[in-house]
Amino acid sequence: MRGLYVHIPFCAVKCFYCDFTAFSGQRASTARYLLALTREANLHRGLDVGTLYIGGGTPSELNADETRELFGILHQAFGRKFSEITFEANPESLDEDKRAALKEAGVTRLSLGLQTADDKLLASIGRKHTWNDFRRVYDACAADGFSVNVDLMYALPGQTLSSSDRSVEQALALEPDHVSLYGLQVEDRTLFGKREVEVDEDLAREMFESALDRIEAAGLEHYEVSNFARPGKQSSHNRIYWNNGEYLGLGCGASSFLNGRRWANLDRLEPYCKAVENGGSPAAETETLSGKRALGETALLGLRLLEGLPWTPELEAAFPEERRHVVSRGWATLEAGRLRLTREGVFLANKVFAEFVEPFRTHPGAQRPDSAPAEVLQ
């Protein structure tokens, strides 16, 4: 199955940790952007896609009419036969009219950004909602019949282990179908990067271990390094990324992988719109992976899944020493022909991934499926 990702880069305020393609104060550009999306979508009209993920930025910054227009664009170009449609939203910008528009469009999953249930911490990371705001919107979404993913973060500046645990428990009390859990990563271009915020790695691990135990005890399966789901509620769209499947990304900064070629769109609003308006491609970077690099990416992505990946003769021929190293260190196991992370390997996932491939920006994670600072290598 092939996936379709659509990037909506608008935000009311850019969160202090965010390194994704997102712009505040650009609402006046919405009409132009939707027209640019129409033109880019038409470049791929009729492409067979099975899942749809609308991320950002903050897609819920679109008003109800703009939301309907967006889905009209996508339905016209790709049809309506999506097995799963996910829409990212923040609590403060998801009102009743928008929820009605999403129901009309056939949205099945909502990914709601909570990050923490601590109101003081929410303010300190640039969020514009409170825990009560989130809980009220979550209840409305659940009552409307949406399957809901809750985004959580840990290792935030000033966050304690007890505060992290309380946030996890409060989120789990809502009985979500899916939880995404991401540790803070301080990137240079973010406000936290400019402030030279540092992460206490030992405390971060304590928070992650504690959260993992609590989430699994609540009946959610830990199926990917940063994601947990109830039975039957895993993200089909995101599994396309992790299984190294094909996907088309539309919009400013979106990434695509089709027919062995990977590309990333221009990540500034004006250049992206101009490129499409002039009848050209908005691609800024393109590459075709082959040989060991392609195999390394297969290993990196497949190892994100807790089920691991089939360890083929081709992978063994390319990475015999790397495979032996991660197994001997207790970071992974090779059983029944599958290489998979151990619990220790989950905590040290970046070290495992670095054995097989150098970190790079233009990868499926660059468009953060189910995420906050999600899939920059976690």
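Read-outs: derived from the displayed coordinates by stated rules, not from any lab. Everything numeric here is computed off the predicted structure, so don't read it as measured data. When we count neighbours, we look across all protein chains shown, and the Cβ atoms used for this are built from the backbone with ideal geometry, even at glycine.
Quick one: Cα convex hull volume of the chain, Å³ per residue?
On the way: hull volume 48.8 nm³, N = 378.
Measuring per residue, one finds 129 Å³ for the Cα hull of the chain.
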Once both label points are put 7 Å beyond Cα along the C-beta direction, the L334-N243 separation in nm becomes 2.4 nm
Stokes-Einstein D for the range 291-356 (4 °C, 1.567 mPa s, Kirkwood Rh from Cα pairs), in µm²/s, comes to 114 µm²/s
For the pair E201 and K103, the simple spin-label estimate (label points 7 Å beyond Cα toward Cβ) gives in nm 4.9 nm
Placing each pseudo-label 7 Å from Cα in the direction of the beta carbon, N278 and D95 end up separated by a distance in nanometres of 3.9 nm
The range 56-127: spread of alpha-carbon positions along the three principal axes, whole Å, largest first, is 44, 23, 19
In units of 2.2 N^0.38 Å, the Cα radius of gyration of the range 99-242 is 1.06
A correct fewest-to-most ranking of Y223, Y138 by other Cβ atoms within 10 Å would be Y223, Y138
Any aspartates and glutamates whose Cα falls less than 14 Å from that of K274, other than same-chain ones fewer than 8 residues away, would be E40
Straight-line reach check, K194, cutoff 18 Å on alpha carbons, 8 or more apart in-chain or any other chain, hits among lysines -> K14
The range 4-40 scanned against label point 7 Å out from E187 along Cα→C-beta; backbone N under 19 Å for 5-26
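Can you sort E84, E209 by how many other beta carbons sit within 10 Å, fewest first? Write out the running numbers ahead of the final one.
Values: E84 21, E209 14.
Fewest-to-most ranking of E84, E209: E209, E84.
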Rounded to whole angstrom, the alpha-carbon centroid of the range 244-263 lies from that of the range 98-158 at a distance of 27 Å
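Going by C-beta contacts inside 10 Å, put H222, H237, H325 in order with the fewest on the left. Present the calculation step by step, with values, prior to reporting the outcome.
On the way: H222 17, H237 27, H325 14.
With the sparsest Cβ surroundings first, the list reads H325, H222, H237.
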Once K292 and T160 are pulled to full extension, the length gained, defined as 0.36 nm per residue separation minus their Cα-Cα distance, is 43.3 nm
